[in-house]
Each structure stands twice: as structure tokens, then as C-alpha cells.
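Asks: One structure coming up, written as C-alpha cells, with questions to follow.
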Amino acid sequence: MPISKAADFYRTVFDHSREASLFTAADGRIFKANAAACAMLRRTEEDICAIGRQGLVDPASPGLANLLALRARTGQVQGELTFLRGDGTRFVAEFRSASLFDNENESEVRNIVTLRDLTQHRATE
């Protein structure tokens with residue numbers, strides 16, 4: 001598949017996925033958020049990109065530093081973090097992230113992050 005067609009395909013999958021997904025940098029910048037992420041976080045894509053990880057993850061969320069260090073070492077990570085919705089409410093989500101390299105700049109690491117809201121699951125427990 002030619003690169004432009006492959007890029008279009010992956011962009012379509014990302015945009016239309018029912019799973020909340022973010023395209024990020026290791027330093028916490030967010031470049032893209034799909035509609036499912038916007039709905040979960042109750043924020044616009046522009047807002048999510050503007051505030052980055054620092055504005056989305058509760059600073060008191062345990063384990064963030066360890067998860068980021070593990071992703072830096074292994075290229076992938078899974079765990080739970082507390083996130084902040086646009087209305088200020090907190091919720092726990094399963095966080096999965098895998099590192100990707102930018103084809104145009106092999107030293108530039110990007111990450112695909114998926115989130116799963118655990119609120120209902122926790123209520124059932």
C-alpha cells in the first residue's frame with residue numbers, strides 16, 4: 001500500500017475508533033484526540049491538545065512517573081491512572097501506550113495512547 005494510502009487508512013481507523021485514543025509525544029504534548037477520547041474526557045480536541053497530559057492526568061495519580069519510565073525503556077506500558085474530565089470530575093482509566101517512531105525523523109518518538117474508563121467496572125466490583 002502506498003504511504004499516502006496507508007496514512008489515510010490509519011487516520012480513518014484512529015478517527016473512527018470507538019476506543020478513546022490519543023496521539024502524543026513522550027514529553028506530554030498531545031497532537032490528536034479522536035471523538036471517543038473527546039467524549040470520555042468531555043473536552044474538545046483543541047482543548048485536549050492545548051492542555052496536554054499535564055491537564056488531563058490528575059497530578060496526584062499514583063504511578064505516573066513509573067509508567068512513563070517503563071514506556072521509555074520498553075516502548076509500551078499498561079496501567080491505571082486518574083484522569084480529569086472537562087467538568088473537573090476525576091475518573092480512573094486503564095491506560096495503554098505504545099511508542100512509534102516518526103518515519104520522517106527516526107529520533108522523534110510518538111505514542112499511541114488508548115484509554116478505557118473503569119468507572120462502571122469499579123461500581124460493579
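Asks: Scanning region 22-70 for residues that are outside any helix (DSSP H, G or I) and in contact (Cβ under 8 Å) with a residue 40 or more places away in the chain, which turns out most open to solvent (accessible area, probe 1.4 Å)? Even if it seems obvious, please write down each step before you answer.
Replies: Step one: filter region 22-70 for residues outside any helix (DSSP H, G or I), giving 22-34, 42-44, 57-63.
Okay, now just the ones that are also in contact (Cβ under 8 Å) with a residue 40 or more places away in the chain, so 22-26, 31, 42-43.
On the way: Leu22: 8, Phe23: 69, Thr24: 11, Ala25: 3, Ala26: 60, Phe31: 80, Arg42: 135, Arg43: 44 Å².
Among them, the one singled out is Arg42.
Asks: Same structure again: Just name the residue that is farthest from Thr24 (Cα to Cα) out of those in region 76-93 that are among the polar types (S, T, N, Q) and open to solvent by 40 Å² or more (accessible area, probe 1.4 Å).
Replies: Across region 76-93, the extreme among qualifying residues is Thr89.
Asks: Could you list, in sequence order, the residues of region 1-21 that are without any contact (Cβ under 8 Å) to a residue 12 or more places away in the chain and either outside any helix (DSSP H, G or I) or basic (Lys, Arg) (or both)?
Replies: Selection gives Met1, Pro2, Lys5, Arg11.
Asks: Do we have any residue at all in region 7-21 that's open to solvent by less than 80 Å² (accessible area, probe 1.4 Å) and on the phi > 0 side of the Ramachandran plot?
Replies: Checked region 7-21: no residue is open to solvent by less than 80 Å² (accessible area, probe 1.4 Å) and on the phi > 0 side of the Ramachandran plot.
Asks: I would also like to ask the following. Please verify whether Arg73 is out of contact with any strand residue (DSSP E or B) (no Cβ under 9 Å at 6 or more places or on another chain), surrounded by fewer than 17 Cβ atoms within 10 Å (Cβ to Cβ), modelled with pLDDT under 95 and not acidic (Asp, Glu), treating the condition exactly as stated. Write out each step before concluding.
Replies: On the way: out of contact with any strand residue (DSSP E or B) (no Cβ under 9 Å at 6 or more places or on another chain): yes; surrounded by fewer than 17 Cβ atoms within 10 Å (Cβ to Cβ): yes; modelled with pLDDT under 95: yes; not acidic (Asp, Glu): yes.
Taking the combined requirement at face value, the residue satisfies it.
Asks: Now, a different point. Evaluate region 94-110: report whether one residue or more is open to solvent by less than 30 Å² (accessible area, probe 1.4 Å), modelled with pLDDT of 95 or more and hydrophobic (A, V, I, L, M, F, W, C).
Replies: No - not one qualifying residue is present in region 94-110.
The values are calculated or read from the model by the stated rules, or taken from the named source; none is laboratory data. Only a predicted model underlies this, so the values are computations on that prediction, with no experimental measurement involved. Positions of Cβ are backbone-derived with ideal geometry, glycine not excepted, and every protein chain shown enters the neighbour counts. Note: areas computed on protein heavy atoms with side chains; ligands, DNA, RNA excluded. Shrake-Rupley method; radii C 1.70, N 1.55, O 1.52, S 1.80 Å.
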